[in-house]
1. Would you be able to say whether some residue in region 219-234 is over 30 Å from GLU257 (Cβ atoms), in a helix (DSSP H, G or I), touching a residue at least 12 places away in the same chain (Cβ under 8 Å) and small (Gly, Ala, Ser)?
2. Can you report the number of residues in region 48-66 which are within 15 Å of the chain's Cα centre (by Cα) and not hydrophobic (A, V, I, L, M, F, W, C)?
3. Could you list, in sequence order, all residues of region 146-164 that are open to solvent by less than 50 Å² (accessible area, probe 1.4 Å) and assigned to a helix (DSSP H, G or I)?
4. Exactly one of (1) over 30 Å from ALA236 (Cβ atoms); (2) among the polar types (S, T, N, Q); (3) surrounded by 16 or more Cβ atoms within 10 Å (Cβ to Cβ) is unmet by SER196. Its number?
5. Can you say whether ALA275 is under 30 Å from GLY82 (Cα atoms) and more than 18 Å from the chain's Cα centre (by Cα), as far as the supplied structure shows?
6. If you go through region 167-176 one residue at a time, do you hit one that is in a loop (DSSP other than H, G, I, E, B), touching an Asp or Glu at 6+ places or on another chain (Cβ under 7 Å) and of a type in the set (Gly, Ala, Ser)?
7. When both residues are 6+ apart or on different chains and their Cβ atoms are under 6 Å apart, which pairs have a first residue that lies in region 62-84 and is open to solvent by less than 10 Å² (accessible area, probe 1.4 Å), and a second that is modelled with pLDDT under 95 and not in a loop (DSSP other than H, G, I, E, B)?
8. Could you tell me which residue of region 48-61 is farthest from PRO24 (Cα to Cα), considering only residues that are open to solvent by less than 10 Å² (accessible area, probe 1.4 Å) and outside any helix (DSSP H, G or I)?
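The values are calculated or read from the model by the stated rules, or taken from the named source; none is laboratory data. Values in this document were obtained by computation on a predicted structure and should not be read as measured data. Here the Cβ positions follow ideal geometry from the backbone for every residue, glycine too, while neighbour counts run over all protein chains shown. Note: accessible area is taken over every heavy atom of the protein model, side chains too, but ligands, DNA and RNA are not part of it. Shrake-Rupley method; radii C 1.70, N 1.55, O 1.52, S 1.80 Å.
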Amino acid sequence: MSATQWIVTHGPAQPASPVVLDSPHSGCQFPADFGASVSEAELRSGEDCFVDELFAPATANGVWLLAALFPRTYVDANRHTGDIDLALLEGGAWPDLYRPSGLAAIGKTLAWRTLDDGREIYNRKLSVAELRGRIVRCHEPYHRALRERITATHQRYDLCVHLNCHSMNAVGSLHTAGTPGKPRPDFVVGDIDGSSAAPELTALVVNTLRQGGHDVAINDPFKGFELTRAYSQPAAGRHSLQLEINKRLYMDEARVERTAGFGPLQAEMTALVAAVNAWALQRC
């Protein structure tokens with residue numbers, strides 16, 4: 001394991017597998033300058049709890065895993081640095097590159113404005129300097145580490161499969177993707193409508209999960225976002241998939257605790273990564 005202040009990596013120092021994993025939303029170390037008006041316990045409702053732990057055993061087989069230690073509500077590594085909610089900024093203007101995604105409508109851009117239940121996270125505005133600092137300390141190191149590993153892996157194998165690992169609340173809400181009040185499937189596999197990975201890779205992941213008895217959706221309601229988009233180029237052998245896991249499979253959302261389902265699901269995820277690794281090695 002290797003760690004800096006706000007990111008941690010697991011697995012070999014040099015590529016030993018064509019598969020790269022990352023968990024951008026499992027961090028729960030709260031920076032002192034967060035300045036939120038809600039509690040840390042309330043902020044954890046936006047966390048992909050324990051996802052890094054679900055995938056950690058795969059690193060014993062040479063797979064590399066990157067995980068954020070900072071919370072996504074502080075700064076979201078799965079957003080472009082230009083995806084700014086102007087309503088959260090002092091002066092309402094961003095002087096750097098501005099690339100809105102439309103998620104400001106639900107308060108879920110680079111720095112979150114609202115919790116999933118719609119409550120405001122702050123009783124103040126963020127300054128430009130404050131947000132830039134979050135980018136420099138957390139967002140940039142995360143992306144740099146992932147980019148460098150994907151590049152090194154591709155150079156060694158002439159192929160890289162990147163699995164961007166997440167979890168989702170059991171039921172959608174007004175301030176999250178999908179239909180409010182609608183129960184979500186066990187898994188959602190996102191390949192940005194077929195553009196971020198080879199169709200046979202998407203099919204492998206979906207079919208493997210379905211063979212385990214799971215309800216699996218494709219690109220609904222999660223297609224994949226910045227970390228999937230930025231590091232995928234299937235025609236050049238760079239494949240990226242976003243995997244969303246329903247929290248009800250492994251944890252108690254209210255208590256933020258693992259349930260008896262955690263161990264079996266962890267074993268399933270280790271087997272899934274092994275299947276993806278075998279697929280990739282056959283094509284190297």
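1. Within region 219-234, one or more residues are over 30 Å from GLU257 (Cβ atoms), in a helix (DSSP H, G or I), touching a residue at least 12 places away in the same chain (Cβ under 8 Å) and small (Gly, Ala, Ser).
2. 3
3. LEU146, ARG149, ILE150, THR151, ALA152, THR153, HIS154, TYR157 - these are the residues of region 146-164 that are open to solvent by less than 50 Å² (accessible area, probe 1.4 Å) and assigned to a helix (DSSP H, G or I).
4. (1)
5. The answer is no for ALA275.
6. Checked against the condition, which is being in a loop (DSSP other than H, G, I, E, B), touching an Asp or Glu at 6+ places or on another chain (Cβ under 7 Å) and of a type in the set (Gly, Ala, Ser), region 167-176 yields at least one hit.
7. Here the result reads THR73/GLY46, each pair linking region 62-84 to a residue that is modelled with pLDDT under 95 and not in a loop (DSSP other than H, G, I, E, B).
8. Going through the qualifying residues, I end up with CYS49.
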